[in-house]
């Protein structure tokens with residue numbers, strides 16, 4: 001095994017044993033490793049962490065990451081030189097629009113009139129009652145609220161980010177947008193935003209996903225987007241989309257759907273999604289005059305979770321709970337539980353936890369919730385785990401399907417299978433909470449796209 | 001399935017108060033006999049009368065019950081996600097405005113007839129200015145476009161286009177230096193030079209705060225619920241035009257449609273007197289529409305009443321026109337409409353060219369088209 005010197009924050013480090021360089025499937029920002037000097041490295045979590053964690057003088061600032069796209073040791077810009085300049089332009093543009101009154105007003109109007117925000121914070125009375133009955137408690141039991149991102153235009157939280165980034169693309173003078181999508185929700189949201197702002201749109205999607213989410217594919221086409229199929233799943237579509245971007249840098253904007261990728265993607269996407277948490281704070285204040293006690297969200301790469309959590313990072317009394325996909329079980333090897341069993345490494349341009357084997361090959365993830373089927377996770381999420389600010393658990397395919405059907409039957413809301421993972425965790429969470437605890441679950445999408453999958457699983461006769 | 005028609009005698013003619021063209025504020029909708037004029041009623045077997053009376057009195061009570069209304073409002077807000085937004089469909093508006101190059105042409109021809117050699121117009125984003133400049137070039141007329149100095153900077157490309165086409169673009173620096181100031185300046189010019197000058201009024205593009213009512217309401221009509229939902233509030237406002245759009249299926253002459261108010265006769269169906277699609281023997285005709293929600297051979301009695309009163313206008317749109325509209329709105333606004341809604345959207349094609357610039361049209365976007373993508377994919381090359 002060869003060894004490589006790694007420099008982080010200018011501090012030279014002792015040699016660290018690396019894993020096999022033959023990671024054919026791994027790409028750095030879409031460019032095959034063989035053509036590139038390998039910058040990524042797989043680090044065992046048992047080693048002492050590289051770089052020092054800054055002292056917690058300002059908790060909240062510490063938790064929000066530094067200005068260079070690093071969240072503790074995670075994040076960064078592991079990209080070929082050709083991309084450094086466009087990424088810097090993007091970062092400048094993003095920093096500008098954050099404080100630009102005109103941009104923010106246009107975005108707020110679009111979020112209100114086009115997307116339909118604010119989304120409600122809905123008290124799920126029957127679900128609350130259900131848990132109360134199970135625990136046979138004499139008290140009121142915890143109260144469960146759903147943040148209804150499923151009511152947004154296009155059916156999920158993805159549009160919050162697609163709109164904001166499409167507006168940036170327009171500012172940068174790009175005529176063309178490329179994106180990659182797994183479940184199709186980000187693809188549809190991007191296609192819609194591009195239609196609205198009259199930009200060309202090309203969406204890359206894995207062949208396996210195209211089959212499973214055919215109605216989303218049709219929607220994208222109807223919205224005027226070109227859909228290009230890529231052998232494999234979301235991770236392969238991502239790589240292809242990035243390749244396409246690199247080949248057309250002058251005219252093309254790469255619209256990232258989630259909080260992974262090189263800086264400034266994780267930051268931008270999180271900022272655009274943070275409207276979810278901001279609204280939740282306001283609504284919680286209105287509804288019960290306080291803050292939530294626990295926030296629960298599913299975690300694929302982490303965009304909807306960060307969208308809800310970010311606002312509350314500095315509120316120590318608010319528990320942040322993320323739920324990953326355990327697929328067919330953590331021992332089966334068929335899951336997407338990156339934080340639960342993954343290791344740290346570099347993937348798609350940033351350092352974060354990822355699912356890889358002993359050789360450093362990226363593992364093929366699995367989840368019935370296609371949007372959770374990603375072998376990595378956003379760097380900020382990795383950081384929240386490592387710093388102990390957030391807790392992460394998992395739910396299996398089976399548990400997610402059960403939770404989906406439960407909510408449908410009890411509240412008349414069909415959640416997306418991704419969001420169903422968050423709902424599934426309530427089974428374990430709620431019994432541990434005190435009476436009157438306020439739980440807010442991010443209902444990140446609606447389940448219309450999953451009806452075929454659910455039908456295939458078979459509707460239990462007791463629910464008919 | 002067998003449609004059963006109850007026979008009955010029609011009640012006495014409605015009083016003068018309820019005649020066509022009368023003051024809507026005097027109409028009782030419904031009256032104490034549960035009728036809308038001669039429409040409506042309770043054409044049911046005796047066994048249902050009591051249940052219906054009970055339903056009616058409970059409904060009337062709850063309509064003014066604070067507790068019930070509060071609970072309902074809470075559910076509509078937190079569960080359903082109301083209010084639904086009133087969204088300015090900019091690209092769709094632009095689409096129809098662009099089609100108003102026809103308007104510019106017509107006006108230029110008119111100007112020539114009037115012997116006017118000089119054309120003026122105002123521009124915001126510049127689309128109208130470009131259309132006017134184009135037409136003036138074609139008809140060899142002098143063209144002056146007034147544009148706010150701010151807008152000229154923001155729309156430099158359009159300014160260049162206008163100048164290339166031979167128009168003179170005059171910057172307006174007064175006020176906020178935007179469209180409204182350009183409009184004032186254009187009017188000033190016209191007043192001064194009315195002998196020689198024709199003013200081609202452009203449209204307002206800016207999303208101004210709208211302190212008024214809609215001018216036209218448009219909604220698709222199957223049974224009529226979404227349309228009544230939108231119209232009801234405005235029935236008394238006679239300056240608000242209300243347009244319902246039914247399904248013409250394969251065409252009104254094909255016999256395969258669901259255009260009840262256009263082609264139907266009065267009769268009783270499903271318990272109420274209303275217009276319905278029936279043949280000469282009084283058998284209900286099997287309706288057709290590509291959209292399931294409009295595929296109904298009857299229509300609500302209140303619609304029948306409003307039609308007869310002349311308060312609401314009804315038109316129809318074919319399957320093909322609806323599909324075109326479905327495609328158009330998806331691409332222009334990134335919103336996939338339901339096929340039912342697409343009928344209302346299709347009517348815009350015929351409606352918009354007849355409307356004055358700046359007219360505010362509110363269309364009830366009654367549903368999303370996710371449920372229809374499979375159907376549409378079959379028909380269109382997607």
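The values are calculated or read from the model by the stated rules, or taken from the named source; none is laboratory data. Not measured: the values here are computed from a predicted model. Cβ atoms come from the backbone with ideal geometry, glycine included; neighbour counts cover every protein chain shown.
Okay, here's what the table says:
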item: Flag if residue A:333 is under 24 Å from residue A:210 (Cα atoms) and either part of a loop (DSSP other than H, G, I, E, B) or at pLDDT 95 or above (or both); result: yes
item: Condition met for residue B:268 (touching a residue at least 24 places away in the same chain (Cβ under 8 Å) and closer than 30 Å to residue A:194 by Cβ); result: no
item: One residue from B:122, B:90 being under 30 Å from residue B:347 (Cβ atoms) and surrounded by fewer than 19 Cβ atoms within 10 Å (Cβ to Cβ); result: B:90
item: Residue match in the range A:246-255 (condition: farther than 22 Å from residue A:180 by Cβ and under 17 Å from the mean Cα position of the chain (by Cα)); result: no
item: All positions within the range A:197-217 that are buried (at least 24 other Cβ atoms within 10 Å of the Cβ), within 10 Å of another protein chain (Cβ to nearest Cβ) and assigned to a helix (DSSP H, G or I); result: A:216, A:217
item: Count - residues of the range B:52-89 that are within 31 Å of the chain's Cα centre (by Cα) and either within 14 Å of chain A (Cβ to nearest Cβ) or at pLDDT below 85 (or both); result: 17
item: Criterion violated by residue A:341 - all others in (1) more than 17 Å from residue A:146 (Cα to Cα); (2) touching a residue at least 40 places away in the same chain (Cβ under 8 Å) satisfied; result: (2)
item: Helices (runs of 4 or more DSSP H) fully within the range A:85-192 counting 1 or more residues that are more than 14 Å from chain B (Cβ to nearest Cβ), over 25 Å from the mean Cα position of the chain (by Cα) and touching a residue at least 24 places away in the same chain (Cβ under 8 Å); result: A:125-135
item: Members of the range B:246-263 found to be buried (at least 22 other Cβ atoms within 10 Å of the Cβ) and part of a loop (DSSP other than H, G, I, E, B), listed by number; result: B:257, B:259
item: Filter pass, residue B:355 being assigned by TED's automatic domain parsing to the domain that holds residue B:240, farther than 14 Å from residue B:245 by Cβ and surrounded by 23 or more Cβ atoms within 10 Å (Cβ to Cβ); result: no
item: Failed criterion for residue B:82 (all others in (1) in contact (Cβ under 8 Å) with a residue 24 or more places away in the chain; (2) closer than 30 Å to residue A:106 by Cβ hold); result: (1)
item: Filter pass, residue A:237 being modelled with pLDDT of 95 or more and assigned to a helix (DSSP H, G or I); result: no
item: Residue count, the range B:325-364 (criterion: within 11 Å of chain A (Cβ to nearest Cβ), touching a strand residue (DSSP E or B) at 6+ places or on another chain (Cβ under 8 Å) and within 23 Å of residue B:259 (Cβ to Cβ)); result: 3
item: The range A:135-149, residues that are in contact with a helix residue (DSSP H, G or I) (Cβ under 7 Å, 6 or more places away or on another chain) and at pLDDT 95 or above; result: A:142, A:143, A:144, A:147, A:149
item: Yes/no for residue B:112 being modelled with pLDDT of 75 or more and assigned to a loop (DSSP other than H, G, I, E, B); result: no
item: Filter result for residue B:78 (surrounded by 13 or more Cβ atoms within 10 Å (Cβ to Cβ) and not assigned by TED's automatic domain parsing to the domain that holds residue B:360); result: yes
item: Selection from the range B:156-174 of residues that are outside any strand (DSSP E or B) and over 9 Å from residue B:129 (Cβ atoms); result: B:156, B:157, B:160, B:163, B:164, B:165, B:166, B:173, B:174
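Yes/no matrix, rows are residues, columns are (1) at pLDDT 75 or above; (2) under 25 Å from residue B:116 (Cβ atoms); (3) within 14 Å of another protein chain (Cβ to nearest Cβ):
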site: B:155; (1), (2), (3): no, no, no
site: B:159; (1), (2), (3): yes, yes, no
site: B:173; (1), (2), (3): yes, no, no
site: B:188; (1), (2), (3): yes, yes, no
site: B:201; (1), (2), (3): no, yes, no
site: B:226; (1), (2), (3): yes, no, no
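Conditions tested, residue by residue: (1) buried (at least 24 other Cβ atoms within 10 Å of the Cβ); (2) part of a helix (DSSP H, G or I).
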site	(1), (2)
A:261	yes, no
A:266	yes, yes
A:270	yes, yes
A:286	no, yes
A:296	yes, no
A:304	yes, yes
A:308	yes, yes
A:311	no, yes
A:314	no, no
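Residue-by-condition table, conditions (1) assigned to a helix (DSSP H, G or I); (2) without any contact (Cβ under 8 Å) to a residue 12 or more places away in the chain; (3) within 25 Å of residue B:128 (Cβ to Cβ):
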{"site": "B:280", "(1), (2), (3)": "no, yes, no"}
{"site": "B:286", "(1), (2), (3)": "no, yes, no"}
{"site": "B:296", "(1), (2), (3)": "no, no, no"}
{"site": "B:307", "(1), (2), (3)": "yes, no, no"}
{"site": "B:313", "(1), (2), (3)": "no, no, no"}
{"site": "B:320", "(1), (2), (3)": "yes, yes, no"}
{"site": "B:349", "(1), (2), (3)": "yes, no, yes"}
{"site": "B:375", "(1), (2), (3)": "yes, no, no"}
